[in-house]
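Report on the structure given below.
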Amino acid sequence: MKMNYLVSITILCSLLASVTACSLPGVHPDLESLHPTGSSSLGDASGDANLLPTIHWDADVPHELIDTIPGIEELSWVDDRNAATFLVHKAGEGRPGDQSHLETRLVFALVAPFPTIQDDQSFQNLKGFWEGQPMGEITSLMVSDETLEILANAWGWPESNAIDILPAEAVDVRWGNLNAWAILPFDDLDPNWKVISLDGISPLDPEESLENYPLAFTYQLNGKTGSEALWSSLTAEAGWPESNRDTGKMTRLVMTGVTALVRATAYKMETNGITYPANDIRDWLRSADITHISNEVSFIEGCPKPDPYSNSLKFCSDPKYIGLLEDVGTDVVEMTGNHMNDWYDEGPALSLALYKVRGWQDFGGGVDLADSRQPAIFELNGNKIAFIGCNDPGPDFALSTKTRGGSAACEDYSWMISTIQELKLAGYQVVATVQYHENYTYLADDPMRTLFRPLADAGAVIVQGSQAHTPKEMEFYGDAFIHYGLGNLFFDQMHYTLNGTNVDATRQEFIDRYTFYNNRLISIELLTAMLEDYAKPRPMTQDERRELLEAVFSVSNWE
């Protein structure tokens with residue numbers, strides 16, 4: 001059995017306690033020469049002659065935390081936790097009557113390579129794997145030296161030979177082995193990893209307190225009664241962060257597929273209520289900080305009553321249908337769709353006015369060419385996120401000009417690429433969307449890849465195809481995630497006839513949820529839904545979800 005570094009040092013300190021105070025080598029080498037008898041140049045800050053500025057940290061406190069204690073250079077380490085002025089310990093293991101000074105929570109996540117089907121794992125199975133028992137198909141679990149210290153203090157030294165202990169920078173995705181998982185600090189998450197919830201609890205959920213999450217560890221620095229003034233003199237405002245998972249630094253973005261409030265979908269809204277389509281997925285959309293809707297059809301006064309049996313592709317939406325977009329918490333509307341001007345050249349005007357009065361932003365379309373090329377800009381919780389989009393196939397009458405509203409034409413993409421570059425230089429995480437040609441398969445064609453990848457090269461962290469009526473493949477390309485199509489959100493395609501065959505994939509939907517932290521994309525979640533009743537998506541069953549993920553992952557590029 002290997003001995004934990006802190007445990008061995010603590011034993012050594014105990015042996016030397018009768019001779020002198022002891023400090024951890026490599027942390028604060030000057031402590032040994034500082035007031036070996038426990039006295040301090042700070043004097044008696046509380047007026048209590050017995051109060052000495054000494055500190056003790058328990059063996060199960062992470063080594064890295066000690067370095068961040070404010071004023072540590074003014075304190076002498078002692079091996080007697082009960083005699084120390086200040087005690088650093090795990091939550092719940094303090095001394096009765098101590099005053100609270102600092103608390104931090106270190107949060108970790110169990111992660112798997114992104115194209116992993118499994119979403120949840122039991123902590124019992126994870127702990128069993130740590131102790132040498134099998135865990136499904138998993139062949140190895142990677143942890144850094146620093147993470148090992150914390151987990152070993154909580155769970156004991158790992159008994160499994162499948163625990164790979166690596167330098168932090170070496171814990172990376174092994175695309176050649178999808179059964180190699182890892183445990184990472186929350187703030188070190190990377191989109192290439194999929195976060196696996198434990199017993200249904202995910203650290204990506206900002207509403208989750210993590211009180212019962214087994215990969216959250218809380219530590220406290222408390223002091224004896226009367227130590228408050230002394231602690232204040234040690235500049236307690238600096239040092240320990242409250243957590244490496246600060247929900248005040250998190251921004252959640254939800255990206256959706258095609259919305260077209262027409263035909264049978266509109267008819268169902270008329271008969272069952274305007275918000276009927278959102279009944280089963282409302283919480284997914286409303287829980288985001290930024291909810292994106294790609295509304296392909298303009299709101300038009302005098303729009304005819306919806307006909308659920310119509311085959312017409314001349315679309316408009318009654319302005320009252322905007323109540324559905326209100327209900328799902330819309331924040332930004334994409335206008336790259338090719339039905340903007342189906343009724344007349346100024347089709348987008350009313351839509352834009354309705355969005356503006358509600359405080360929503362828009363992109364990918366506008367009242368004229370210049371307006372349609374403007375990005376939508378957000379700054380939330382320290383995260384700077386920008387959206388920009390364009391329409392590739394037209395038709396011409398749907399596109400904006402210098403004198404007409406409509407969608408922003410992609411043209412040769414040069415204007416879009418330069419805008420992405422400018423936004424990146426300004427510190428924005430850029431989301432680029434393209435209304436491309438539809439092909440009703442899971443596959444993206446080569447021309448599509450050729451057009452989308454330069455947007456990633458320019459600096460977009462997310463590139464999305466917004467045209468797709470069926471879900472499409474995805475890939476990590478450079479530093480970007482490209483999803484070539486999500487499928488519909490609110491549109492009536494229960495099936496599509498292709499070459500005489502009904503294609504039911506039009507019912508399958510992705511809703512992509514992105515988490516940004518410290519102005520960096522750290523995680524991607526693929527939510528999956530199935531369209532019902534020509535209008536209403538619902539969360540997929542486990543079997544439906546597995547079928548979709550396996551189909552899309554099998555054709556995606558995971559190099």
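Derivation of every value follows stated rules applied to the coordinates shown; laboratory data play no part. Since the model is a prediction, treat every value here as computed from it, not as a measurement. FYI the Cβ positions are ideal-geometry reconstructions off the backbone, even for glycines, and counts take in every protein chain you see.
Separation of region 464-518 and region 172-250 by C-alpha centroid, Å? When both Cα centres are located, 33 Å separates them. The charge dipole of the chain, taken about the Cα centre with unit charges on the Cβ atoms of Lys, Arg (+1) and Asp, Glu (-1), comes to about 980 debye, rounded to the nearest 20.
Once you have the Cα-Cα distance between GLN421 and ASN179, take 0.36 nm times their residue separation minus that, and quote the gain in nm to one decimal. Present the calculation step by step, with values, prior to reporting the outcome.
Details: separation 242, 0.36 × 242 = 87.12 nm, distance 3.67 nm.
Stretched out fully, the GLN421 to ASN179 stretch lengthens by 83.5 nm.
FRET efficiency for ALA83 and ASN212, Cβ-Cβ distance as r, R0 = 25 Å, nearest 0.05? Don't jump to the answer; show the numbers that get you there.
Numbers: r = 35 Å, r/R0 = 1.38.
That gives a FRET efficiency of 0.15.
Arranged by the count of other C-beta atoms within 10 angstrom, fewest first, what order do GLU509, GLU559, GLU131, GLU149 take? Don't skip to the answer; put the middle values down first.
Details: GLU509 29, GLU559 6, GLU131 14, GLU149 19.
If I rank by nearby Cβ atoms, fewest first, I get GLU559, GLU131, GLU149, GLU509.
Exposure proxy for PHE123, PHE490, PHE476, PHE315: other Cβ atoms within 10 Å of each Cβ, ordered fewest to most, give PHE123, PHE476, PHE315, PHE490.
With point charges of +1 on the Cβ of Lys and Arg and -1 on the Cβ of Asp and Glu, referenced to the Cα centre of the chain, which listed residue (ALA408, ALA460, GLY92) lies farthest in the positive direction of the dipole? Of ALA408, ALA460, GLY92, it is ALA408.
I want the antiparallel fraction of DSSP beta bridges within region 107-215, as a percent rounded to 5.
Taking every DSSP beta bridge with both residues in region 107-215, the antiparallel ones total about 50 percent.
Scaled to the compact-protein estimate 2.2 N^0.38 Å, what is the alpha-carbon radius of gyration of region 338-485, rounded to two decimal places?
Working: Rg = 15.1 Å, N = 148, 2.2 N^0.38 = 14.7 Å.
For region 338-485, the normalised Cα radius of gyration comes out at 1.02.
Pairs from the list LYS320/LYS472; LYS472/LYS536; LYS224/LYS249; LYS384/LYS472; LYS314/LYS402; LYS194/LYS268 with a Cα-Cα gap above 30 Å: LYS320/LYS472; LYS224/LYS249; LYS194/LYS268.
Ordered by packing density, taken as the mean number of other Cβ atoms within 10 Å over each peptide's residues, highest first, how do 263-270, 77-84, 215-222 rank? Show your work: numbers first, answer last.
Values: 263-270: 22.1, 77-84: 16.9, 215-222: 20.6.
In decreasing order of mean packing, 263-270, 77-84, 215-222 become 263-270, 215-222, 77-84.
Quick check on region 44-153: take the gyration tensor over C-alpha atoms, sort the square-rooted eigenvalues as a ≥ b ≥ c, and tell me if it's rounded (a/c under 1.5), prolate or oblate. Judged from the Cα gyration tensor, region 44-153 comes out prolate (a/c at least 1.5, a/b above b/c).
Please label the shape of region 285-406 as rounded, prolate or oblate, based on the square roots a ≥ b ≥ c of the eigenvalues of the alpha-carbon gyration tensor (a/c under 1.5 means rounded; beyond that, a/b larger than b/c means prolate, else oblate). It comes out oblate by the Cα gyration axes.
Note on the chain: Kirkwood hydrodynamic radius from all Cα pairs is 26.3 Å, rounded to one decimal.
Which value, in debye to the nearest 20, describes the size of the charge dipole of region 262-396 about its Cα centre when Lys and Arg Cβ atoms bear +1, Asp and Glu Cβ atoms bear -1, and nothing else is charged? Could you put the intermediate results ahead of the total?
Numbers: 11 positive and 21 negative charges, 60 e Å.
Around 280 debye, computed over region 262-396.
Summarising the label geometry, the points placed 7 Å from Cα in the beta-carbon direction at TYR344 and SER100 lie 6.4 nm from one another.
Give, as a single signed number, the net charge of other residues whose beta carbon lies under 12 Å from the beta carbon of SER202, with Lys and Arg counted +1 and Asp and Glu -1.
Working: positive: LYS194, ARG245, ARG252, ARG513; negative: ASP119, ASP120, ASP199, ASP205, GLU207, GLU208, GLU525.
With Lys, Arg at +1 and Asp, Glu at -1, the net is -3.
In terms of its alpha-carbon gyration tensor, region 107-215 comes out rounded; the largest-to-smallest axis ratio a/c stays below the 1.5 threshold.
For Cα pairs less than 8 Å apart in space and 6+ apart in sequence, what is the mean separation divided by the residue count of the chain, i.e. the relative contact order in percent?
12
Across region 248-555, the mean sequence separation of Cα contacts (distance under 8 Å, 6 or more residues apart), normalised by length, yields a relative contact order of 19 percent. Please check which bits of region 112-155 a label hung off GLN542 would reach, taking the label as a point 7 Å along Cα-to-C-beta and the cut-off as backbone N under 12 Å. Counting backbone N atoms under 12 Å from the label point, the list is 118-122. The mean sequence distance of close C-alpha pairs (under 8 Å, at least 6 residues apart), as a share of the length of region 122-170, puts its relative contact order at 45 percent.
Express as a percent, rounded to the nearest 5, the fraction of DSSP beta bridges in region 401-559 (both residues included) that run antiparallel.
Working: 21 of 30 bridges.
Of all bridge pairs located within region 401-559, approximately 70 percent are antiparallel.
At 222 nm, what value in deg cm²/dmol follows for the chain if DSSP H runs of at least 4 each add -39500 (n - 2.57) and the sum is divided by all its residues, to the nearest 500? List each step's numbers first, then the result.
Numbers: 13 runs with 115 residues, N = 559.
After summing the helix terms and dividing by the residues of the chain, the value is -6000 deg cm²/dmol.
For region 70-142 versus region 259-332, the spacing of their alpha-carbon centroids is 47 Å. Here region 330-475 carries DSSP beta bridges of which approximately 30% are antiparallel, counting only pairs with both residues inside. Of the GluC sites (Glu not before Pro) found in region 193-236, those that fall in a DSSP loop while having at most 11 other beta-carbon atoms within 10 Å are GLU207, GLU211.
Legend: calculated FRET efficiency, THR271 to THR139, from the Cβ-Cβ distance at R0 = 60 Å, rounded to 0.05, equals 0.65. Neighbour counts of other Cβ atoms within 10 Å put THR470, THR403 in the fewest-to-most order THR403, THR470. The modelled label-to-label distance for the pair THR116/ASN519, using points 7 Å beyond Cα in the direction of Cβ, is 3.1 nm.
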